[in-house]
Amino acid sequence: KYTPKKFTDLLSNDKLNRQILAWLKEWDPIVFGSAASRAAIPKDQFIGPRQKIILLAGPPGIGKTVLAHLLARHAKYRPVEINASEERRGQEFVKKVEATVEMRSDVMDAPDKHRPNLLIIDEIDGLPASESSGALKYLLKLCGSGTPARGAGKNTDDINGDDSDDDEDEQMTEGQKKPKPKRQRTLNRPVICICNDLYAPALKELRTKTRVFHVDKPVTQRLVVRLQEICSLENVKVDTRFLSKLCEMTNNDIRSSINTLQFVHS
C-alpha cells in the first residue's frame with residue numbers, strides 16, 4: 001500500500017540509487033537504440049555496460065526488491081520478477097530466465113507489454129543447492145556475453161564477433177568445409193539479482209562476474225519521516241520518540257517497522 005512510487009520516495013542511499021540508474025541507462029543504445037544509431041558508433045567501441053548483471057546485496061526488509069522494481073520502471077522497463085528460492089527445478093528456472101530475456105509472449109502482460117523486459121531474480125542466494133549449479137552456470141554464461149557496437153545490430157544469438165577463425169580458413173584444404181560454430185545467446189536486456197547473503201557458497205563465482213551494489217539500511221531520520229507520513233495518512237497520532245524507538249528496536253528494518261506499527265495500532 002505504501003510502496004514507493006517515485007524515485008524521490010526511495011529510502012535507500014541517493015548515491016547508490018543514481019549509480020544503479022546510471023547502469024540501466026548504459027543499456028539504452030542496445031535496448032532503445034535503432035540499428036542506424038548503432039551503425040554510427042565506431043566498430044571498435046563497446047556499447048552497453050561491461051557487466052551485464054548486477055547484484056544487490058543487503059539484509060532482508062530494507063527495500064532491495066522495491067528499489068529494483070521502481071528503478072526499472074523509472075528507466076522505462078517492464079520489471080519481471082522470478083523468486084529463485086521458490087524454483088525447485090533448475091531447468092524450470094532457466095526456462096523462465098530465457099523467456100524473460102527473449103521477451104516471449106508467455107511472460108507478457110497487456111498493460112505494459114510494449115516496454116522491454118528487465119529481469120529481477122530475487123533471493124538468488126536461496127536457489128536450492130541441488131539445482132543451483134546448472135542455473136547459476138547459465139547466468140554466468142549470460143555474464144560473459146558481450147555486445148560490441150556492430151555486433152548488437154547483427155545477430156542477437158552471437159556473442160562477441162570473433163575473427164580468430166580466419167587463419168584456420170586459410171589452412172583448410174580446398175573442398176573442406178569449415179565446421180559451423182556454436183552460437184550462444186547474447187544478453188540484450190538488463191538483469192538484476194538480489195540476495196541477502198552475498199557470501200553464500202552458491203554465489204562464489206557469480207559475485208566475481210557481476211557488479212555488486214551493497215544496499216544499506218536507511219538512516220533512522222529518513223525512516224521516522226516515512227513512518228510519520230504513513231501515520232498521518234492513516235489518521236494515527238504517534239509520538240516521534242516512539243517512532244525513533246521503534247526504528248531502533250527493528251534495527252531500521254523498513255518492513256518490520258511498518259508491520260509492527262500496524263500491529264500496535266490494531
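Couple of notes before you dig in:
- Net charge, Glu26 excluded, C-beta distance under 12 Å - Lys, Arg +1, Asp, Glu -1: +3
- Amide H partners (placed H, <5 Å) of Asn13, local residues excluded: Asp216
- Simple spin-label estimate for Glu102 and Asn251 gives 4.2 nm between the two label positions (7 Å along the Cα-to-Cβ direction from each Cα).
- Neighbours of His69, meaning other residues whose beta-carbon lies under 11 angstrom from its beta-carbon, give a summed charge of +2 when Lys and Arg score +1 and Asp and Glu score -1.
- D_trans [Stokes-Einstein, Kirkwood Rh over alpha-carbon pairs] for region 48-92, 10 °C, 1.306 mPa s, µm² s⁻¹: 125
- Interchain or long-range residues, amide H under 5 Å from Asn117's placed H: Arg78
- Length available on full extension from Arg50 to Gln19: 0.36 nm per residue minus the Cα-Cα distance, which gives 9.7 nm.
- Sum of side-chain charges, Asn252 neighbourhood, beta-carbon under 15 Å (Lys, Arg +1; Asp, Glu -1): +3
- The calculated FRET efficiency for Lys95 paired with Asp216, based on their beta-carbon distance and R0 = 30 Å, is about 0.30.
- 3J(HN,Hα) along region 10-26, derived from phi through the Karplus expression 6.51 cos²θ - 1.76 cosθ + 1.60 where θ = phi - 60°, amounts to 5, 9, 6, 4, 4, 5, 4, 4, 5, 5, 5, 5, 5, 4, 5, 5, 5 Hz, with x in place of Gly and Pro.
We did not get these values from a lab; they are worked out from the coordinates using the rules stated. Since the model is a prediction, treat every value here as computed from it, not as a measurement. Note: ideal-geometry Cβ built from the backbone for every residue, glycine included; neighbour counts use all protein chains shown.
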